[in-house]
Amino acid sequence: MDFELNEEQIMFQDMARKFAEREILPTLKENVREDRFDRDIVKKLASQGLLAPHLPQEYGGLGLDYLTSAIIWEQLCWASLAITQAATSGPIQPGTNLLDAGTEEQKQKYLPPVCSGDSMLVGAVVEPNAGSDSSMIETSAVRKDDHWVINGNKIFITNGEIGDVILVIAQTDKTQGMKGLATFIIERGMPGFSSVPLKGKMGWRGGSEGNLRFTDVEVPLENKVGETGRALRNALRGIDTARLFLSAGCIGIAQSCLDSCVKYAKERVQFGKPIGGHQLVQGVIADMAMKIEAARWLAYRVADMKTRGIRHIKEMSCSKSFSAEMALWVTSQAIKIHGAFGTVDDYPVAHHYQDAIVATILGGTAQMHQLTIGQQLLGIPAFS
Amino acid sequence: MAQNSTVLICGEQEEGKITAVTKELLGVGKILAGGLNGKLSALIIGSDIRDSGEEAIVYGADNVYLVEDPLLSQYNPDSYTTAITQACQQIGPSVVLLGHTTMGRDVAGRVAFRLGCFPCMNCTNLDIDSKSLVQTRSVYGGNAIAVVVSRDSQLQLATIKPRAMTPLEPDSSRKGEIENIKVKIDDPAIRTKLVSTTKEEVEGIKLEDARVIVAGGGGIGDAEGFQLLQDFARILGGAVGTTTVPYDEGWVPTTSMVIGDSGKTVKPDLYIAIGIRGASQHITGCSESKLMVAINKDSDAGIFKVSDLGVVADYRKVLPPLIERCKALLAT
Amino acid sequence: MNIVVCVKQVLDPEMPTEKFRLKDNQVISPEGIPLVINPCDAQAVEAALRVKEKHGGKITAITVGTDESKEVVRRALAMGADEGIILTDDAFAGSDSLATAYILAQAIQKIDAVDLVLCGREAADWSMGIVGPVLAERLNLPLITLAKNIELLDNNILKVERIIPDGYQVFEVSLPAVLTVSNEIGLPRLPTGMGIINAVRKEIPVWSNQDINTDVSLIGANAEGLKLLSLSMPERERKCEIVGGETPDEVAGNLAGKLRVAGVI
Ligand SMILES: Cc1cc2nc3c(=O)[nH]c(=O)nc-3n(C[C@H](O)[C@H](O)[C@H](O)COP(=O)(O)OP(=O)(O)OC[C@H]3O[C@@H](n4cnc5c(N)ncnc54)[C@H](O)[C@@H]3O)c2cc1C
Ligand SMILES: Cc1cc2nc3c(=O)[nH]c(=O)nc-3n(C[C@H](O)[C@H](O)[C@H](O)COP(=O)(O)OP(=O)(O)OC[C@H]3O[C@@H](n4cnc5c(N)ncnc54)[C@H](O)[C@@H]3O)c2cc1C
Ligand SMILES: Cc1cc2nc3c(=O)[nH]c(=O)nc-3n(C[C@H](O)[C@H](O)[C@H](O)COP(=O)(O)OP(=O)(O)OC[C@H]3O[C@@H](n4cnc5c(N)ncnc54)[C@H](O)[C@@H]3O)c2cc1C
């Protein structure tokens with residue numbers, strides 16, 4: 001067992017952190033206040049080689065292992081989880097989905113521009129009546145002679161308002177349930193496709209989401225990705241990658257909060273000494289460090305299992321859920337340590353807290369992961 | 001090269017007047033010459049430099065060598081390296097000193113190499129111990145002080161840090177010979193061409209001369225912040241200094257305000273460090289200020305360890321009232 | 001353009017002052033703080049990359065050091081340098097600036113048709129700033145120090161802006177030449193992902209004295225030009241009185257009062 005990062009991982013860690021400091025932090029406050037996603041960051045990440053580290057080089061990625069990729073995400077999220085997720089989500093879930101199930105033509109056409117930041121790819125699964133339960137997907141795909149016709153709505157979709165290419169999971173035959181689901185590529189500009197931005201978010205500000213509407217959108221036959229009935233299965237590896245990165249990202253935001261607390265607890269003087277000198281404050285800071293450390297090594301372990309191709313369903317659920325709940329706790333404690341100052345955006349803790357609560361929902365809620373872990377342990381599915 | 005006990009300083013002049021560092025070279029050179037029982041000679045290079053030769057004597061030189069050549073009217077690394085090397089060969093000193101200046105940093109290493117000795121750069125103190133030159137300098141970005149001595153005591157060459165040494169009081173009764181010496185500079189040896197010189201003068205009092213310095217660092221945060229510092233400096237009759245960070249961030253237009261290892265050394269009566277962490281590379285340039293004051297929001301910042309008075313606060317909150325309070329005090 | 005950049009590995013100059021420790025006239029490498037590329041040398045690599053971007057060419061990063069120094073060469077490769085060379089030999093250990101310049105010169109002479117040699121302004125540890133100048137002497141090439149901007153003109157002429165205390169000078173020099181690069185050149189770029197991947201996988205040749213044939217009497221600890229008498233930490237500490245107050249205005253009033261009492265305003 002080797003717990004040391006290798007030279008390459010250290011260099012990526014260092015570079016990603018410096019990138020976050022140079023390119024994300026300076027405009028963060030405004031972007032969060034105005035809940036504005038600045039698309040330039042996608043291009044910058046691409047030219048730095050940080051947009052799609054886990055995708056193969058032949059499609060414009062770096063072909064890195066999952067541990068190194070997760071370390072990159074951890075460092076980027078140290079500045080902002082919402083912005084990192086919005087900027088890189090294309091290559092993660094939908095990108096991996098396309099890689100796993102797409103034809104060579106589809107991959108050649110869509111993946112390189114996504115990896116270069118020229119095109120933004122979106123994965124649309126969730127609908128008003130289908131959240132955790134994808135079998136309820138109602139968006140329909142009906143086969144006509146030489147095309148498919150898509151009708152329906154998708155909500156809470158990352159980059160739904162600005163994305164260029166959308167991977168949509170739709171139902172081809174209601175009577176078939178999961179077996180009827182298929183994946184289609186829809187390009188912005190196709191008649192009948194429209195989107196609206198998601199507004200009024202309490203967190204994840206600076207990220208980018210939208211709701212999609214498909215009204216008789218005609219999709220050519222060659223835009224179907226993979227076989228009917230395998231849509232969710234084909235999406236699984238991408239979802240798994242997204243969970244890993246979210247887990248790493250939660251560690252990044254928690255670390256940022258800890259860093260800020262350590263600094264602040266030495267600066268802020270109350271009752272005649274820096275607040276870090278009060279034992280109750282030290283206790284909280286120590287607990288933060290404990291939890292972060294535990295989450296980090298769990299996530300690194302899962303990343304390594306994923307790279308090695310070892311089955312890790314249970315471990316991934318443990319990691320995603322533990323990291324997110326850990327981040328929620330750490331970020332909320334961090335606000336308390338900063339007192340009233342923690343509630344305004346002069347310190348990083350408030351926006352990390354707002355992101356942490358959201359991070360407990362996307363990538364699978366805590367309950368979904370509990371059920372997954374339970375099923376793995378007991379062999380009894382308890383989802384419904 | 002015949003060796004005698006001469007200490008030779010390579011002076012610099014601007015428009016016929018010797019520069020401040022030249023006076024400092026003469027000051028320390030005098031002490032070293034005493035230690036060696038030798039004499040203190042000054043070398044001045046350029047054209048129209050006779051007056052500066054006389055001034056060098058007033059500031060302590062026992063004699064002066066002038067190298068006058070039209071090719072030397074303007075500083076050029078190649079011609080000056082050649083001229084200084086040849087002059088040293090003719091004069092045969094045992095110690096050669098230069099200022100750690102635009103010229104000194106440029107030529108000292110090359111002159112030393114040509115003369116076959118080891119140069120010691122940017123010394124803050126020099127001494128003689130049984131014929132050897134004992135050189136003190138700051139290393140590791142001001143974190144440590146090294147004292148070194150040349151192994152081979154035949155010829156020793158050093159540059160001195162500007163403002164680190166004390167000039168002698170000028171004394172116009174001092175007498176000394178001024179002698180012209182000839183050097184041979186081939187045109188082909190001049191391989192670099194000076195095209196232009198641009199001065200980025202900062203308006204107001206020069207940093208080096210200021211009795212009060214208001215210095216800002218990475219904590220200032222933007223160019224507007226420096227406007228506030230300018231206002232404060234103006235009210236106190238002082239100048240604004242910086243660390244390297246504000247230049248790197250583009251909040252100030254020039255590096256000529258940088259204080260520290262790679263910038264200027266200052267010794268004002270009052271130094272107010274605002275939003276400065278206290279890196280050794282910075283402190284080494286201001287640690288001899290009479291009164292050091294720090295304003296930093298981090299009570300743990302190293303700057304407080306080297307300050308006499310400290311305020312732990314966001315400067316944006318305390319500086320405006322501080323300016324008002326000082327204004328009020330100065331009006332009384 | 002065939003550019004050689006000399007890079008040195010140093011103790012991180014940005015590490016907190018309190019981590020700096022001495023023992024028996026030697027610096028103790030603090031635990032957990034990795035050695036880094038000398039900051040000005042990273043800037044020299046940046047300068048080389050800017051020239052290469054405009055005019056093409058090849059950049060070779062070269063260091064005199066130990067096996068550990070490959071990290072600084074890797075750093076240069078990750079930023080975009082094409083080749084690296086590590087010069088290491090027991091005979092090189094303890095070399096001073098003159099000897100280091102000699103070793104570098106012997107190595108550079110083995111590289112074909114070098115147009116430009118870049119050094120940092122000074123190494124952040126001993127800060128002599130003479131390796132570059134002496135290297136120029138050894139290679140018999142023209143030298144411009146303290147460059148803050150460089151631009152290649154026609155006819156192989158390099159235009160160099162050189163920092164002076166209150167501004168800058170513009171020099172022209174025809175290539176080949178040696179430059180030392182100052183920090184004013186600007187932030188060095190971050191290595192790219194592909195850069196890191198290539199750098200980590202690249203075999204970096206290691207040259208020993210056999211490869212470059214230096215006269216061993218001129219290098220190493222025995223040839224040192226200076227003898228260290230002592231290394232100590234400067235006494236700079238002052239007793240700091242923290243000025244307090246209930247409101248910023250009160251703090252300001254208290255401080256102003258103290259400045260008045262001290263007679264400085
Ligand atoms: C910022 C953000 C970005 C997103 N981006 C995308 C995207 O790009 N593409 C996309 O398709 N979707 C996206 N989503 C949607 C996301 O995948 C869903 O929000 C998530 O899957 C949960 O679904 P839901 O919100 O409908 O919650 P629901 O499924 O309605 O769950 C509500 C609550 O009920 C609980 N619950 C549900 N079922 C059970 C059960 N069986 N047992 C116990 N408890 C249960 C849940 O744990 C939860 O607490 C995004 C969401 C957010 C917030
Ligand atoms: C070879 C070499 C040579 C160098 N030469 C020099 C040199 O000559 N001069 C020089 O200065 N540096 C030099 N440096 C750089 C030096 O190492 C430090 O990086 C630099 O001095 C740090 O500057 P700083 O303290 O202003 O910035 P930072 O490190 O950014 O520190 C900012 C400080 O401001 C405080 N702060 C932040 N916001 C506020 C606020 N609102 N109110 C109050 N306080 C606040 C912070 O707590 C922190 O302490 C050199 C480095 C090298 C490698
Ligand atoms: C008495 C004495 C004792 C010393 N003790 C120690 C010690 O214990 N430990 C220690 O580490 N050093 C020690 N040194 C320093 C060491 O000898 C020098 O660091 C080294 O020779 C380089 O010189 P410099 O630092 O003066 O480089 P500078 O002349 O300041 O360097 C300028 C530029 O030259 C290039 N350069 C310099 N060195 C190298 C290199 N090795 N490889 C490639 N390029 C290079 C770089 O581009 C650099 O920016 C000591 C020096 C002296 C005089």
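Of note:
- Only residues that are within 13 Å of ligand 3 (Cβ to nearest atom), part of a helix (DSSP H, G or I) and within 11 Å of chain B (Cβ to nearest Cβ) were counted across the stretch C:1-42, and they come to 2.
- Test result for B:Ser138, open to solvent by 20 Å² or more (accessible area, probe 1.4 Å) and within 13 Å of chain C (Cβ to nearest Cβ): yes
- Among the candidates C:Val134, C:Val170, residue that is facing chain B (nearest Cβ under 7 Å), open to solvent by less than 40 Å² (accessible area, probe 1.4 Å), under 17 Å from C:Gly225 (Cβ atoms) and of a type in the set (Val, Ile, Thr): C:Val134
- The C-beta contact set for the stretch C:249-265 (first residue assigned to a helix (DSSP H, G or I), second residue aromatic (Phe, Trp, Tyr), distance under 9 angstrom, 6+ apart or interchain) is empty.
- Being open to solvent by less than 60 Å² (accessible area, probe 1.4 Å), within 16 Å of ligand 1 (Cβ to nearest atom), touching a helix residue (DSSP H, G or I) at 6+ places or on another chain (Cβ under 7 Å) and not assigned by TED's automatic domain parsing to the domain that holds A:Ile83 holds for only one residue in A:Gly374, A:Gly342, A:Gly363, and it is A:Gly363.
- Candidate set: the stretch A:83-141, residues that are open to solvent by 40 Å² or more (accessible area, probe 1.4 Å) and of a type in the set (A, V, I, L, M, F, W, C); chosen: the one modelled with the highest pLDDT: A:Val126
- Filter result for C:Val64 (assigned by TED's automatic domain parsing to the domain that holds C:Leu218 and touching a residue at least 60 places away in the same chain (Cβ under 8 Å)): no
- Across the stretch B:249-283, the number of residues qualifying as open to solvent by less than 20 Å² (accessible area, probe 1.4 Å) and either within 16 Å of ligand 1 (Cβ to nearest atom) or of a type in the set (Val, Ile, Thr) (or both) comes to 9.
- Residue within the stretch C:103-120 that is within 16 Å of ligand 2 (Cβ to nearest atom) and within 8 Å of chain B (Cβ to nearest Cβ) present: no
- Within the stretch A:102-125, being of a type in the set (A, V, I, L, M, F, W, C) and within 16 Å of ligand 1 (Cβ to nearest atom) holds for A:Val114, A:Met120, A:Leu121, A:Val122, A:Ala124, A:Val125.
- Any chance C:Leu255 is closer than 28 Å to B:Asp269 by Cβ, open to solvent by less than 60 Å² (accessible area, probe 1.4 Å), at the interface with chain B (Cβ under 9 Å from one of its Cβ atoms) and modelled with pLDDT of 95 or more: yes
- Candidate set from the stretch B:259-278 (those that are at pLDDT 95 or above, within 14 Å of ligand 2 (Cβ to nearest atom) and hydrophobic (A, V, I, L, M, F, W, C)); member that is nearest to C:Lys258 (Cα to Cα): B:Ile272
- C:Gly56 meets the conditions (1) in contact (Cβ under 8 Å) with a residue 60 or more places away in the chain; (2) over 15 Å from the mean Cα position of the chain (by Cα); (3) farther than 21 Å from A:Gln9 by Cα in every case but one. The failed one is (1).
- Consider the stretch A:142-160 and keep the residues that are of a type outside the set (A, V, I, L, M) and within 8 Å of ligand 1 (Cβ to nearest atom). The one that is surrounded by the most Cβ atoms within 10 Å (Cβ to Cβ) is A:Thr158.
- Close pairs from the stretch B:312-332: first touching a residue at least 12 places away in the same chain (Cβ under 8 Å), partner open to solvent by 60 Å² or more (accessible area, probe 1.4 Å), Cβ under 8 Å, at least 6 apart: B:Val312/A:Val269; B:Val312/B:Lys297; B:Val312/C:Ile242; B:Ala313/B:Lys297; B:Asp314/B:Lys297; B:Tyr315/B:Lys297
- The one condition from (1) farther than 30 Å from C:Asp24 by Cβ; (2) surrounded by 15 or more Cβ atoms within 10 Å (Cβ to Cβ); (3) out of contact with any strand residue (DSSP E or B) (no Cβ under 7 Å at 6 or more places or on another chain); (4) in the same structural domain as B:Leu25 (by TED's automatic domain parsing) that B:Arg234 does not meet is (4).
- C:Met233 being touching a residue at least 40 places away in the same chain (Cβ under 8 Å) and over 22 Å from the mean Cα position of the chain (by Cα): yes
- The residues of the stretch C:137-167 that are among the small types (Gly, Ala, Ser) and either facing chain B (nearest Cβ under 9 Å) or assigned to a loop (DSSP other than H, G, I, E, B) (or both) amount to a single one, C:Gly167.
- Annotation: B:Tyr315 fulfils all but one of (1) more than 8 Å from ligand 2 (Cβ to nearest atom); (2) in contact with a Gly (Cβ under 6 Å, 6 or more places away or on another chain); (3) farther than 30 Å from C:Arg189 by Cα; the unmet one is (1).
- Only one of the listed residues (B:Leu66, B:Leu40, B:Leu71) is on the phi < 0 side of the Ramachandran plot, at pLDDT below 95 and of a type in the set (A, V, I, L, M, F, W, C). That residue is B:Leu71.
- Only one of the listed residues (A:Lys199, A:Lys273, A:Lys266) is touching a Gly at 6+ places or on another chain (Cβ under 9 Å) and open to solvent by 40 Å² or more (accessible area, probe 1.4 Å). That residue is A:Lys266.
- The stretch A:345-360, residues that are in a helix (DSSP H, G or I) and open to solvent by 50 Å² or more (accessible area, probe 1.4 Å): A:Tyr353, A:Gln354, A:Ile357
- Residue match in the stretch B:315-332 (condition: in the same structural domain as B:Ser262 (by TED's automatic domain parsing), under 20 Å from B:Ala239 (Cβ atoms), touching a Phe, Trp or Tyr at 6+ places or on another chain (Cβ under 9 Å) and assigned to a loop (DSSP other than H, G, I, E, B)): no
- Any helices (runs of 4 or more DSSP H) falling wholly within the stretch B:49-117 and containing at least 2 residues that are in the same structural domain as B:Glu12 (by TED's automatic domain parsing), hydroxyl-bearing (Ser, Thr, Tyr) and within 21 Å of the chain's Cα centre (by Cα): B:77-91
- Within the stretch C:99-116, residues that are of a type in the set (A, V, I, L, M) sit with their Cβ atoms under 6 Å from residues that are within 16 Å of ligand 2 (Cβ to nearest atom) and open to solvent by less than 20 Å² (accessible area, probe 1.4 Å), at 6+ positions apart or across chains, in these pairs: C:Leu104/C:Cys6.
- Within the stretch B:155-205, considering residues that are in a loop (DSSP other than H, G, I, E, B), more than 10 Å from chain C (Cβ to nearest Cβ) and β-branched (Val, Ile, Thr), the one nearest to the chain's Cα centre (by Cα): B:Thr166
The values are calculated or read from the model by the stated rules, or taken from the named source; none is laboratory data. This one's a predicted model, so the numbers in the text were calculated from it and none came from an experiment. No Cβ is skipped: glycine too gets one built from the backbone with ideal geometry, and neighbour counts run over all protein chains shown. In case anyone asks, the SASA skips ligands and DNA or RNA and just uses the protein heavy atoms, side chains included. Shrake-Rupley method; radii C 1.70, N 1.55, O 1.52, S 1.80 Å.
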